[in-house]
Amino acid sequence: MTDSAHPVAPLDPATRSRLAEAVQDGFPRTVADLSSLVRIPSVSWDAFDPAHVRTSAEAVAELVRSTGLFDEVRVSTAPLGDEGAQGQPAVLATRAAAPGKPTVLLYAHHDVQPPGPEDRWSTAPFEPTVRGDRLYGRGASDDKAGVLSHVAALRAVHEVLGDDLGVGVTVFVEGEEEFGSRSFGAFLEQHHDDLAADVIVVADSDNWSTTVPAITVSLRGNVTFRLTVRTLEHASHSGMLGGAVPDAMMAAVRLLASLHDDDGAVAVEGLTSREAEHPERGEDQLRAEAGLLDGVRPVGRGPVLSRTWSQPSITVTGIDAPSVAEASNTLLPEVSVRISARVAPGQRAEDAHAALERHLLSHAPFGAHVEITDVDLGDPFLVDTSGWAIAEATAAMTEGWGAEPVQTGIGGSIPFIAELVEAFPEAQILVTGVEDPETMAHSPNESQHLGVLHRAVLSEALLLARLDARP
Ligand SMILES: [Zn+2]
């Protein structure tokens, strides 16, 4: 499905089969190492014990050392900006390129999302468990399998190509991706020279299926903020004044309803969509993936994947109001909600934010007071697919999977990618990954398909060998 402007040379068949053998022989160790990492509950959120993230960083450093390719593997932090506070520990290792050879930066993250309600897990979240083809556990896929895809590929490459590997390699395993990569910018600044690379592999995304790989080439951006709606100076008895003055909930509900039209498509002037071709994904598959209830219709217009990859979306993700149990007969003076909007590739997050603000201020019903605070922005991202690195990766994945990769978008954002591009504008970015549509990252019963992991490791080993062989 790719028309590359860059024809690439075939990899020497002997090297290819020796790499396949090394990956195969090393695979039990790869799964064992992944399981050990899953046992460490490295949740990077403020409310969780940072000691586990530290332990996990040390364990990852040990795995990177075990590749035998690096003289020094460091565990480092970068400042968060306020009074000496530091971000969560990342792992950094560099190996210089031989003259004339490219350098590749391999990125993954070792922190994980909180497990969520334990009773929704079939087996304990931090007790790695194999059922069928899958390894279950929090972080088993996102993104500890990403870490192992780098480590196992490097082991295989070292074994087959030996010590005179010419391609330069930097490994950067972040420790707070799931908590907004807060010190990422500072880390990039502190280690700019160590991180500089010709090719950046971000192993933190999805595959098309368990048998067809994907390279993610477009990501939506995000705009999130707190929206506060006020209508009264104080609460009043709803029996006394209800029907004569608007309570804040009434105003907020009407304002929120104005964000979508009757099809459930975004109805905010100034939010743009991207024109692009999208692979087919039927409504049945959408229904199954989302768990859409009987009789509930999908929302939006156009091809399913255009809705999630190339059009904006707006979701209310939280609301501050009295709970049902504590509800009294009162007109609420004030309601706050959290709005999470996705920005289509091609629009700057800042411009999307301005459009949302214009809409919310101009649609305030009954003259309600509307305030927007706690704004967080992440720009969308489109990969330049014309470079030689994507041609090499496409060839490597086609060999590693026995199927050509699909160039996909994802509806979520990986905000740090925009920061990477800004810091290293010359680098070619390859967003790969170990997930598949059944991974359930961030949800209970997250799992890694082991066949996918095997193919991802082999593809990356083949890519490294290809980069090493580049004239
Ligand atoms: Zn991730």
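The values are calculated or read from the model by the stated rules, or taken from the named source; none is laboratory data. Since the structure is predicted, the reported quantities are computational estimates derived from the model, not experimental observations. Here the Cβ positions follow ideal geometry from the backbone for every residue, glycine too, while neighbour counts run over all protein chains shown.
A few points about this structure:
Conditions (1) over 21 Å from Ala140 (Cα atoms); (2) among the β-branched types (Val, Ile, Thr), marked per residue:
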site: Arg16; (1), (2): yes, no
site: Val23; (1), (2): no, yes
site: Phe70; (1), (2): yes, no
site: Ala78; (1), (2): yes, no
site: Gln88; (1), (2): no, no
site: His110; (1), (2): no, no
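- Taken over segment 189-201, residues that are surrounded by fewer than 23 Cβ atoms within 10 Å (Cβ to Cβ) and within 15 Å of the ligand (Cβ to nearest atom) amount to 0.
- Tally, over segment 151-167, of residues that are of a type in the set (A, V, I, L, M) and either surrounded by fewer than 18 Cβ atoms within 10 Å (Cβ to Cβ) or at pLDDT below 95 (or both): 1
- The residues on offer are Thr211, Thr170, and the sole one that is surrounded by fewer than 24 Cβ atoms within 10 Å (Cβ to Cβ), touching a strand residue (DSSP E or B) at 6+ places or on another chain (Cβ under 9 Å) and either closer than 19 Å to Leu462 by Cα or among the acidic types (Asp, Glu) (or both) is Thr170.
- Residue list for segment 318-333, filter: exposed (fewer than 13 other Cβ atoms within 10 Å of the Cβ) and touching a residue at least 24 places away in the same chain (Cβ under 8 Å): Asn329
- Qualifying residues in segment 8-43 (those that are modelled with pLDDT of 95 or more and among the β-branched types (Val, Ile, Thr)) - the one farthest from Leu63 (Cα to Cα): Thr15
Residue-by-condition table, conditions (1) surrounded by 17 or more Cβ atoms within 10 Å (Cβ to Cβ); (2) at pLDDT below 95; (3) on the phi < 0 side of the Ramachandran plot; (4) not β-branched (Val, Ile, Thr):
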site: His6; (1), (2), (3), (4): no, yes, yes, yes
site: Phe70; (1), (2), (3), (4): yes, no, yes, yes
site: Arg74; (1), (2), (3), (4): no, no, yes, yes
site: Ala90; (1), (2), (3), (4): yes, no, yes, yes
site: Leu105; (1), (2), (3), (4): yes, no, yes, yes
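- Every pair of residues 6+ apart whose Cβ atoms lie under 6 Å, when the first sits in segment 131-150 and is more than 10 Å from the ligand (Cβ to nearest atom) and modelled with pLDDT under 95 while the second is of a type outside the set (Lys, Arg) and part of a loop (DSSP other than H, G, I, E, B): none
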